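Read through the structure below, which is laid out as structure tokens, and then see the notes.
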Amino acid sequence: MISIFPYTLHEDSGSFFISFPDVPGALTGDDSEEATKAGALDCLTTALEALMDLKRPIPPPGQPIKDQWVVTLPPLIAAKVVLYEEMRARAVTRVEMARRLGVTENAVRRLLDLRHQSHIGQIETALAILGKRLVVTIQDAA
């Protein structure tokens, strides 16, 4: 599943910036390193939303190199990104997915809205319609 994105922290004249090498346009900054890192998830989420709005593919994250900073997408957001990518791969429109799920197109829009707190079961059902199964794994914290 697409969930861990490496980023690079830059410092320039007392300001800090984050860029995600795999996600075009994902850039944020602040006056402190801590505040900049704290904004990394929101920056990445916004960039992914923009790609989805433009109907562009979500680039797969590169393999982080040792000691590189990463952002891990929350499971709900990661599942929504995968649902979006699976719909794109199969040319299933929101209208078609709504028909298959027996819901309105607006409900499917919310399923794909990275900031909407959808029920994970709805995403699981949508993925099953596309021949996919949602699997959650738990790992030790690093």
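The values are calculated or read from the model by the stated rules, or taken from the named source; none is laboratory data. Owing to the predicted nature of the structure, the values given are computational and were not obtained by experimental measurement. Quick reminder, even Gly has a Cβ in these numbers, built from the backbone with ideal geometry, and neighbours come from all protein chains shown.
For the reader, a short list of remarks on this structure follows.
- The set of residues in segment 1-33 that are over 16 Å from the mean Cα position of the chain (by Cα), of a type in the set (D, E, K, R) and either part of a strand (DSSP E or B) or closer than 30 Å to VAL136 by Cβ (or both) comprises GLU11, ASP12, ASP30.
- The set of residues in segment 97-130 that are polar (S, T, N, Q), surrounded by 14 or more Cβ atoms within 10 Å (Cβ to Cβ) and either modelled with pLDDT under 95 or not in a helix (DSSP H, G or I) (or both) contains only SER118.
- Of the residues ILE58, ILE65, the single one that is in the same structural domain as THR8 (by TED's automatic domain parsing), more than 18 Å from ASP113 (Cα to Cα) and of a type in the set (Val, Ile, Thr) is ILE65.
- Only listed residue being surrounded by 13 or more Cβ atoms within 10 Å (Cβ to Cβ) and in contact with a helix residue (DSSP H, G or I) (Cβ under 9 Å, 6 or more places away or on another chain), chosen from ARG56, ARG94: ARG94
- One residue from GLY131, GLY62 being out of contact with any Leu (no Cβ under 8 Å at 6 or more places or on another chain) and without any contact (Cβ under 8 Å) to a residue 24 or more places away in the chain: GLY131
- Tally, over segment 29-59, of residues that are farther than 28 Å from GLU86 by Cβ and of a type in the set (Val, Ile, Thr): 1
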